[in-house]
There are 2 protein chains.
Amino acid sequence: MKILFRPSRLVLLPLYLICLCISQALSAQETLEAILQRVPKAPPGVPVPPLPDAPRRYDTAEGQAIEVSVIARGLNHPYSLAQLPDGTMLVSERDKGQLRAIREGVLDPEPIAGLPTIKGGLWMGLLDIVPHPRFVENHLLYITYDKPLENNATGLAVLRGVWDGKSLKDAQDIFNTGPGVGGSSRLLFDNAGLLYVSIYGGGEEAQKLSELRGKVLRLTEDGKVPKDNPFVNTTGARPEVFTYGHRTIQGLAPHPETGAIWGLEMGPNGGDEINILKAGVNYGWPFVSLGRDYAGPWQAKDFKKAGLEDPIVYWMPSISVSGMTFYTGDKLPLWKGDLFVGGLRMGEIPATGHLQRIRFNANGEEIRREQLLTDLRQRIRGVYQGSDGFLYALADEEDGAVLRIGPAGK
Amino acid sequence: MKILFRPSRLVLLPLYLICLCISQALSAQETLEAILQRVPKAPPGVPVPPLPDAPRRYDTAEGQAIEVSVIARGLNHPYSLAQLPDGTMLVSERDKGQLRAIREGVLDPEPIAGLPTIKGGLWMGLLDIVPHPRFVENHLLYITYDKPLENNATGLAVLRGVWDGKSLKDAQDIFNTGPGVGGSSRLLFDNAGLLYVSIYGGGEEAQKLSELRGKVLRLTEDGKVPKDNPFVNTTGARPEVFTYGHRTIQGLAPHPETGAIWGLEMGPNGGDEINILKAGVNYGWPFVSLGRDYAGPWQAKDFKKAGLEDPIVYWMPSISVSGMTFYTGDKLPLWKGDLFVGGLRMGEIPATGHLQRIRFNANGEEIRREQLLTDLRQRIRGVYQGSDGFLYALADEEDGAVLRIGPAGK
């Protein structure tokens with residue numbers, strides 16, 4: 001029998017390399033749905049108890065007793081909270097794409113009018129809200145959301161609107177990513193009035209400066225590119241990029257003393273971390289991580305690599321971090337200077353969300369970490385300091401809530 | 001003015017190097033007391049609740065409801081538990097240096113007679129107990145303990161005695177480390193009948209093959225050196241050494257399928273880990289670690305290094321791991337094959353001890369981790385599978401206890 005085509009090793013090797021490239025390109029384009037399919041499902045054996053009706057008291061490690069109250073219920077997957085100078089709290093309902101107001105402790109049953117059409121759903125919808133640093137003068141609110149585009153696509157948009165005390169006026173996108181971007185995003189204004197926007201990035205696109213995914217962007221208040229952005233003179237790079245190599249930034253917080261921007265990054269199965277964001281720096285995803293793929297293998301062979309910036313805090317197992325704030329108030333004095341981080345679930349086990357407190361020494365090195373509110377079993381999506389010096393946490397459930405944390409017995 | 005002695009740079013450099021060597025030698029000799037002084041004290045703000053009188057029911061993530069009962073109380077810092085073929089459980093009381101018996105669920109008020117003089121106290125005393133693999137024939141028990149020596153020194157000793165059903169007879173040391181060694185130790189017989197002894201090592205002595213500290217030893221059942229130990233032909237090395245570069249091995253468990261010996265290693269502030277122990281391998285302490293010094297700085301610049309073996313499980317924050325067993329029973333079928341690890345406290349916060357369950361995939365890679373018994377707030381020092389298929393955990397308190405974990409409602 002005559003063999004018409006017999007592949008030699010010299011032919012097979014390039015073929016193999018081509019296949020490898022294609023598979024890598026495909027993995028870089030992995031969708032949220034595809035990731036979800038790879039996440040092993042644990043049966044929800046531990047029920048989430050109903051949130052308590054009365055305030056609940058807890059002792060905490062530093063000797064400070066706290067009281068936790070539910071101040072608003074019935075919120076659909078609350079994603080972020082912004083407090084306005086008059087005390088009003090605005091809460092984004094992610095999946096429903098609605099903005100809600102809490103005034104003097106009462107949740108307005110009517111959603112805020114004036115928002116554009118939003119593509120809500122699993123892991124997307126109405127995302128972060130921040131007031132302009134000079135909100136008292138200009139009443140400007142900034143919002144990130146998933147925007148429906150042509151051909152069933154969506155993109156991430158940064159919206160700016162004027163708050164008239166009841167609704168959003170003149171809402172306009174000041175920045176659009178275009179299609180194929182979205183899912184999770186946080187906003188922060190720095191001391192210089194520049195706006196940071198985090199963009200979700202699941203795969204190797206986080207390393208490509210020509211793409212927005214897996215980046216933190218730095219914009220002017222009008223959504224333009226500041227002239228001193230790190231990659232404005234780099235050929236092929238998006239000039240909006242401030243930092244890159246991120247998986248999913250789920251929190252941005254300015255350090256109260258240094259002013260440095262801390263970024264909270266959610267890993268897969270393990271690999272949650274906090275990074276100090278510095279212009280032009282590569283934080284390494286997906287080439288370094290202390291995380292595992294959901295199926296078990298390590299995400300990367302290396303935990304560190306030259307040229308890739310190291311985090312300053314790690315979690316293993318992961319707690320699915322989301323939301324972060326430094327406490328600077330006086331109501332909970334023993335927690336002053338401590339960092340609070342929300343957790344959606346711990347160790348890939350459902351109904352294990354909680355709030356974590358991290359204490360640092362004078363050099364910014366971690367010395368202690370406490371789990372709080374573990375018995376509530378809520379997915380904590382965000383944590384904020386109110387103007388009253390209390391902490392506020394978002395319970396991200398279908399029937400979600402706002403929790404207030406203050407001193408006990410006062 | 002005439003300068004009689006002007007040190008040149010050529011003189012200062014060797015002087016500096018000598019000082020460096022002295023300071024390193026001193027740090028290698030750091031005592032437990034000195035380490036304790038460096039550990040920042042958190043005020044015990046969260047009280048440890050009394051252990052429940054009635055069995056307590058818990059839902060767990062896999063959908064398996066469990067029931068936890070206290071089967072023995074009033075044990076002084078229980079360190080290990082060994083079950084004999086007749087069902088008797090022997091428990092070591094570390095600080096008091098006593099061995100106690102639980103027969104048919106009842107703790108004998110009298111300690112076991114026949115033990116030698118033991119130096120008990122903080123982190124030392126009567127440590128691990130294991131029966132000989134052929135205990136049914138020879139009734140031999142093996143015990144590690146801190147032995148008082150001349151000049152107020154102590155050393156670690158491995159004791160062998162014959163159990164006569166009530167007391168220990170003919171108890172004799174089969175191995176002695178000599179002075180300056182001790183504090184924590186675990187024992188394990190492998191399938192070939194060889195005895196593994198873990199030796200505490202806080203500093204760089206863990207890297208010196210001429211020392212026993214920071215090692216796992218491999219001995220015959222008579223305390224002699226097996227001919228095939230990895231360093232028997234290495235000049236200057238202690239021939240008992242099996243693995244090195246350990247900080248504090250707090251658990252040894254054979255994998256039920258592979259037979260490999262898993263070692264549980266307690267890190268400082270972070271850095272708890274599990275290693276698979278292989279002959280002659282260096283596990284890197286103190287040159288690689290995911291832990292921090294108690295004061296905050298990272299233990300080491302690197303998390304990994306060529307030639308140093310990587311752990312397969314990490315904790316960050318640490319839970320102060322102690323005690324480990326694979327569950328192979330039938331009473332808790334949804335946990336079959338899972339690994340159970342005790343935790344003394346989490347994130348350097350008092351009263352946060354608990355039990356952890358780790359699930360692995362078929363390749364031995366972690367996919368899920370659950371915290372159990374968190375509300376009890378007990379320091380879990382050890383975890384064991386009983387011949388009845390239940391799990392047993394040691395609560396290491398001044399007034400400690402043995403907990404039994406079985407299915408709920410049966």
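The values are calculated or read from the model by the stated rules, or taken from the named source; none is laboratory data. Note that the structure is a prediction, hence the values are computed from the model and not measured. With ideal geometry, Cβ positions are generated from the backbone for all residues, glycine too; neighbour counts draw on all protein chains shown.
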Item checked: Members of the stretch A:390-409 that are over 20 Å from A:Leu264 (Cβ atoms) and in contact with a strand residue (DSSP E or B) (Cβ under 8 Å, 6 or more places away or on another chain) -> A:Phe390, A:Asp399, A:Ala401, A:Arg404, A:Gly406, A:Pro407, A:Ala408, A:Gly409
Next item on the list: Tell me, please, whether a residue that is farther than 30 Å from B:Lys169 by Cβ and either surrounded by 16 or more Cβ atoms within 10 Å (Cβ to Cβ) or modelled with pLDDT of 95 or more (or both) can be found in the stretch B:7-30.
Entry: yes
Next item on the list: Return a yes/no flag: does the stretch B:99-106 have any residue that is in contact (Cβ under 8 Å) with a residue 60 or more places away in the chain, crowded, with 18+ Cβ neighbours inside 10 Å and under 27 Å from B:Trp262 (Cβ atoms).
Entry: yes
Margin query: For the structure I just gave you, tell me whether B:Pro148 is in contact (Cβ under 8 Å) with a residue 12 or more places away in the chain, more than 22 Å from B:Arg238 (Cα to Cα) and crowded, with 19+ Cβ neighbours inside 10 Å.
Written below: no
Item checked: Single match in A:Glu309, A:Glu397 (criterion: more than 14 Å from chain B (Cβ to nearest Cβ), modelled with pLDDT under 95, out of contact with any Asp or Glu (no Cβ under 9 Å at 6 or more places or on another chain) and in a loop (DSSP other than H, G, I, E, B)) -> A:Glu397
Notebook entry, point to check: Which residues, counting only those in the stretch A:240-265, are among the aliphatic types (A, V, I, L, M) and either assigned to a strand (DSSP E or B) or in contact (Cβ under 8 Å) with a residue 40 or more places away in the chain (or both)?
Noted result: A:Val241, A:Ile249, A:Leu252, A:Ala253, A:Ile261, A:Leu264
Check: In the stretch B:266-289, what residues are farther than 12 Å from B:Asp310 by Cβ and either acidic (Asp, Glu) or free of Cβ contacts under 8 Å to residues at least 24 places away in the same chain (or both)?
Finding: B:Asp272
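Each row is one residue, and each column tells you yes or no for (1) more than 23 Å from the chain's Cα centre (by Cα); (2) away from chain A (no Cβ under 13 Å); (3) in a helix (DSSP H, G or I).
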| residue | (1), (2), (3) |
| --- | --- |
| B:Gly296 | yes, no, no |
| B:Lys305 | yes, no, no |
| B:Tyr314 | no, no, no |
| B:Gly323 | no, yes, no |
| B:Lys331 | yes, yes, no |
| B:Leu334 | yes, no, yes |
Notebook entry, point to check: What is the number of the single condition among (1) assigned to a strand (DSSP E or B); (2) within 19 Å of B:Gly263 (Cβ to Cβ); (3) within 14 Å of chain A (Cβ to nearest Cβ); (4) in contact with a Leu (Cβ under 8 Å, 6 or more places away or on another chain) that B:Ile319 does not meet?
Noted result: (1)
Notebook entry, point to check: How many residues does the stretch A:167-206 contain that are touching a strand residue (DSSP E or B) at 6+ places or on another chain (Cβ under 8 Å) and surrounded by fewer than 20 Cβ atoms within 10 Å (Cβ to Cβ)?
Noted result: 14
Check: Applying the selection to the stretch A:353-366, what residues are more than 18 Å from the chain's Cα centre (by Cα), more than 7 Å from every other protein chain (Cβ to nearest Cβ) and not in a strand (DSSP E or B)?
Finding: A:Ala362, A:Gly364
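Conditions tested, residue by residue: (1) farther than 26 Å from A:Pro239 by Cβ; (2) touching a Lys or Arg at 6+ places or on another chain (Cβ under 9 Å).
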| position | (1), (2) |
| --- | --- |
| A:Val106 | yes, no |
| A:Leu126 | yes, yes |
| A:Ala153 | no, no |
| A:Val162 | yes, yes |
| A:Leu168 | yes, no |
| A:Leu194 | no, yes |
| A:Glu204 | no, no |
Item checked: Single condition A:Pro268 does not satisfy, out of (1) under 23 Å from A:Trp123 (Cα atoms); (2) of a type outside the set (A, V, I, L, M, F, W, C); (3) away from every other protein chain (no Cβ under 12 Å) -> (3)
Next item on the list: Taking the residues in the stretch B:251-289 that are within 14 Å of B:Val313 (Cβ to Cβ) and among the charged types (D, E, K, R) as candidates, determine which candidate is surrounded by the most Cβ atoms within 10 Å (Cβ to Cβ).
Entry: B:Asp272
Item checked: strands (runs of 3 or more DSSP E) fully within the stretch B:48-111 counting 1 or more residues that are of a type in the set (A, V, I, L, M, F, W, C) -> B:65-75, B:78-83, B:89-93, B:98-103
Next item on the list: Being small (Gly, Ala, Ser), without any contact (Cβ under 8 Å) to a residue 40 or more places away in the chain and within 9 Å of another protein chain (Cβ to nearest Cβ) is the filter here, so list the residues in the stretch B:338-352 that pass it.
Entry: B:Gly347
Margin query: Would you confirm whether or not the stretch A:378-394 contains a residue that is outside any strand (DSSP E or B), touching a residue at least 40 places away in the same chain (Cβ under 8 Å) and within 14 Å of chain B (Cβ to nearest Cβ)?
Written below: no
Margin query: Contact list please: Cβ distance under 7 Å, first residue in the stretch A:316-337 and without any contact (Cβ under 8 Å) to a residue 24 or more places away in the chain, second residue β-branched (Val, Ile, Thr), pairs at least six apart or on different chains.
Written below: A:Lys336/A:Thr328
Check: Quick check, is B:Arg369 within 12 Å of chain A (Cβ to nearest Cβ) and crowded, with 24+ Cβ neighbours inside 10 Å?
Finding: yes
